[in-house]
Each structure stands twice: as C-alpha cells, then as structure tokens.
1. Applying the Karplus parametrisation 6.51 cos²θ - 1.76 cosθ + 1.60 with θ = phi - 60° to the phi angles of region 92-103, what ³J(HN,Hα) value in whole Hz is obtained for each residue in order, glycine and proline being reported as x?
2. Ranked by Cβ crowding within 10 angstrom, fewest neighbours first, how are Cys203, Cys196 ordered?
3. For a Förster distance of 35 Å, can you work out the FRET efficiency between the beta-carbons of Met32 and Thr102, rounded to the nearest 0.05?
4. Set the Förster radius R0 to 22 Å, insert the Cβ-Cβ distance between Glu205 and Val110 as r into 1/(1 + (r/R0)^6), and round the FRET efficiency to 0.05.
Amino acid sequence: MSAKGERVDECHDDTIYNRWLESIRGLRHDFMNDIQVLASYLVLHKVEEGRRFVEELTQRMQQESLLIQLDYAPLVVYLMTYNYQQDILRLEVELDRSFSLTDLSVRPQVFFRAIQRWLDIYRRHATTSKKETAPSRSLVKESGRPLVANHLMLRMRSLHRDLEVTFDYVGCLEAEPSLREIRDLMADLEQTGFRCTEGLHSCEESVMKMTVPFA
C-alpha cells in the first residue's frame, strides 16, 4: 500500500474512533446523570419518586436488551449511539419482543440501510424552529447535553407474518422537501420487498410505516 493510501486509511480510522469516543462520552454522561438523579431521591427520602425512576431505568434497559438481540452489530451500534452523533433530534427505539434480523425476508444489510435512509431524511429536514431552514440549525447545550425539541420514535412491532416499523416524528420539520424524499424512498423500498404506508405528514408531525415479511 502506498503512503497516500495509508494516510487515507489512518484518517478514516481516526474519524471512526472519534465518533466512538464521542458516543462513549455521551453514554457515560447519561449514566452519571441517572446515578445523580437516583441519589438525590434517596437523600431527600423521596421513595415513591425513586421507585418510579428505577422502573423507568428498568424499562430502558429492557428495550436496550431487545435491541441488542437484533443480532446485527452495525444496526445495534448505529441506533444505540445515534443521539450522540447529532443534536437536531432525539431518537427513541421501542421493540415489542425479541427477534433477529435473520428472521426477515430481506438481508440484514438491506434492512439496516433502509433504517439509515429513513433516519437520514428526518435528520436532514428537522429544524429548531418552524421558520428555520435545516442548514442554519444550531442548538444550545446545557451540562454537555443537547436541548432537543424534536423527537423521533422508531417502533418495531411483530405482526403475524410481518415486522411493522413505524417512524413517529414530533417537532419542527421541513414538510414539503422531506415528503418528496420519503416518497422517493418508499418507491425504492417497495422494489426490494418492503411495503410502505404514508400517514400524517406536516411541519409539526410525521407518521410513516414500513413493513417487511418474516422469512
């Protein structure tokens, strides 16, 4: 390999490692914040509030466990670190039961790429206000954590023969350009074994569904 090729590989590796490092910092910050919240409830003898907070943590851990059981590392890492790679929207993932991507009729790589394309559209067209255009976005951070008003719920629900994936966005959104891209994406996906359903879509909310059969 030439010296130029080695430098390119090193730059690529540095970029990946820096992204991982940023994600680790974010995960550590969230963990420490959870510990501090729980400790404050204990110090103040707020038993009921502490119990509810522990239940929330338990539910979050259960969802992360189901996510890991998808058994496809690129998608798992992508979803678990997504909120630490950008600060324009907050992603939440919800699964109703355990399954593996190998259970689907499409290859795991194809499903992963489909999820990426959906999330890319919402990220590109999310804004911090109704009047702001996407390129001029900026968010104020407090205690190292982004203040995000935009929320995207990604739900994966197992039906009898299919996996139903719902993208439920609430916040500020460039409605027209994002809808054009969504319709183009739907057309592409339907050629590769997916079924897509267009739901509510406005500058404040968007609900879309993608269904893929189990093998």
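Only the coordinates and a few stated rules stand behind these numbers; no lab work does. If you're wondering where the values come from, they're calculated on a predicted model, not measured in any experiment. As a convention, Cβ positions derive from the backbone with ideal geometry for all residues, glycine included, and neighbour counts pool all protein chains shown.
1. Once θ is set to phi - 60°, the couplings for region 92-103 become 10, 10, 9, 10, 8, 6, 7, 7, 10, 5, 5, 7 Hz.
2. Going from sparsest to densest Cβ surroundings: Cys203, Cys196.
3. Plugging the Cβ-Cβ distance into 1/(1 + (r/R0)^6) gives 0.45.
4. 0.20
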